[in-house]
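Down below is the structure, laid out as structure tokens.
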């Protein structure tokens, strides 16, 4: 019993001591202070960005007890805790109280890092919340206007943009080389225009406008060639005629240039025969609109060094007394007689609305064209009855070299035929093709696989969009097509003989182009990686 009493007393004393210790501990619970730095707000999560060219809508999850938010964006990475002096900071005036918020005054085509801080009047601000991808990119901006025909000559161009916009300079490039950098004056900025001089004739340029280092737009254009000199210079006026009488008077010359005034119609419903040995340049003078040339058909004589068409609206429409009719000319060239021509070229021309084709070789007599070229042209609305280039004079009608560059084709039922005849080369470079190739027709056809270009078919920097039929066909030739940086939309479909080597674009023609049904092939998809290198340059970003 005594032992038990002792144990009991020891246990009682222990309990009393433990109780006293706990009481003392409770009494001293507030003897130290908490660190307010740990009493801070939570930072926001799930940040999303929807950028345009100069703005971005930012959306985020609200955080409890937050009174306002601060958003920081920078072209440099944001890893320091302090706001950077080079950053754009939104909300320091406590004006951003909820999501979403639109960031303004951003530079176009620029990568920005972004973070958000939750803030309070009474609690410690949160740490920075970062966008999951850390950075976003604004889209390309376009404040420049297309260069109108009247705004360029062989050595000058007037560039136009949205008046009053914040801009500082223009850069002019020829290829990859910057040929001029121009500081804009207050007057230039207010007017939204500037005339640039000292350009080279017949040269492709890209003009870009900047605000500091930020590009706000760009435009492609090509200067006109100087009026080419020749043995005979003829400056036509409204009321003159391009007829056989005129050409009969040129029979003693080896070359002639017809300088054709802008915006004037020259229609000849009787056709023309060019005298033997004569080279001709049908040269449209610069102006608000191109001179219109409507000729029933041009017949070539035995030999010519060159036949050139420059800056013209070459139409298949037939006119009577200056009024358009419902009828169409079948051909521009429909050559059956023997001929040898070194070069036939079309530069900066509109070619459209022929009942058959602008260029055909036919018949049993030998015909040889050294080079047939189309550069900087727009070709539209050619029927399905013939190919755009139609060499169907079996083995006796030969086009050695076909070169098609910087051009747009829209509504062409068939493209190139060289029936059972070899050529040396076919080049397609920097072209846009849309609404092409009717049912069962070929894009390029040599009548079988026994003939084709000895130097191959070269396709580079081209866009192919929308075939007219799911049974359209590709290339029938013995030659291999070499393809570089060229894309097909999902609605460009061949049932056979597809073009090997093209890259698929993940979308239709309407996903890629601004308004293709009205002939606007400007690339609207800013995510398209080759938007600045592919297709007809006039439509590029």
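Separation between the residue 327 and residue 171 pseudo-spin-labels, each 7 Å from Cα along Cα→Cβ, expressed in nm?
With each label placed 7 Å out from Cα toward Cβ, I get 5.6 nm.
Between residue 186 and residue 364, what's the calculated FRET efficiency when r is the beta-carbon distance and R0 is 60 Å? Round to 0.05.
0.30
Along the three principal axes, how long is the chain when you take its alpha carbons, biggest first, rounded to the nearest angstrom?
146, 61, 40
From the P(r) of segment 72-188, could you give the percentage of C-alpha pairs in the tail past 22 Å?
Roughly 54 percent, once rounded to a whole number.
Can you give me the pair-distance distribution of segment 103-246, C-alpha pairs, 10 Å bins, whole percents?
For segment 103-246, the pair-distance distribution reads 10, 28, 22, 16, 13, 7, 3, 2, 1, 0.
Note the full-extension length gain between residue 145 and residue 270 as 0.36 nm times their separation in residues minus their Cα-Cα distance, in nm to one decimal.
40.9 nm
How large are Rg and Dmax for segment 422-499 when calculated on the C-alpha trace, in angstrom?
12.0, 32
Quick one: what Rg and Dmax do you get for segment 373-516 from the alpha carbons, in Å?
Over segment 373-516's Cα set, Rg and Dmax evaluate to 14.0, 44 Å.
Expressed as a whole number of Å, what is the distance separating the alpha-carbon centroids of segment 231-287 and segment 300-318?
Spelled out, the Cα-based centre of one part sits 10 Å from the other.
At 222 nm, what value in deg cm²/dmol follows for the chain if DSSP H runs of at least 4 each add -39500 (n - 2.57) and the sum is divided by all its residues, to the nearest 500?
-2000 deg cm²/dmol
Going by a ≥ b ≥ c, the root eigenvalues of the Cα gyration tensor, does segment 258-351 fall in the rounded group (a/c under 1.5), the prolate group (a/b larger than b/c) or the oblate group?
oblate
Would you work out the Kirkwood radius for segment 272-412? I mean one over the mean of 1/r across all pairs of different Cα atoms, in Å.
Averaging 1/r across every pair of different Cα atoms and inverting gives 15.3 Å.
With the cut-off at 1.5 for a/c, could you classify segment 373-442 from its C-alpha gyration tensor as rounded, prolate or oblate?
Oblate shape, in that a/c is at least 1.5 and b/c is the bigger or equal ratio.
Please report 176, 484, 132 as a ranked list, fewest other C-beta atoms within 10 angstrom at the top and most at the bottom.
Arranged by neighbour count, lowest to highest, 176, 484, 132 become 176, 132, 484.
Give me the compactness ratio for segment 230-290, meaning the Cα radius of gyration over 2.2 N^0.38 Å.
Segment 230-290 yields a ratio of 1.11.
Using the alpha-carbon centroid of each, what span in Å lies between segment 114-192 and segment 495-525?
After rounding, the separation between the Cα centres reads 28 Å.
Could you state the number of Å between the C-alpha centres of segment 32-101 and segment 326-343?
Centre-to-centre distance over Cα atoms comes out at 70 Å.
Length gain on complete extension for the stretch residue 213 to residue 450, per 0.36 nm per residue less the alpha carbon to alpha carbon distance?
Once the chain is fully extended between residue 213 and residue 450, it gains 79.8 nm.
Write down, largest first, the equivalent ellipsoid semi-axes of segment 108-172 in whole Å, where each equals the square root of 5 times an eigenvalue of the alpha-carbon gyration tensor.
45, 13, 8
Which distance in nm do the two modelled labels at residue 529 and residue 202 give, with both placed 7 Å along the Cα-to-Cβ direction?
Taking the two extended label points, one gets 3.7 nm.
Specify the angular offset, from 0 to 90 degrees and rounded to the nearest 10, of the alpha carbon long axis of helix 2-27 from the longest principal axis of the alpha carbons in the chain.
50 degrees
Bear in mind that the values in this text are calculations on the coordinates, not laboratory data. Nothing here was measured: the structure is a model prediction, and the numbers come from that model. Every residue, glycine among them, receives a Cβ derived from its backbone with ideal geometry; neighbour counts consider all protein chains shown.
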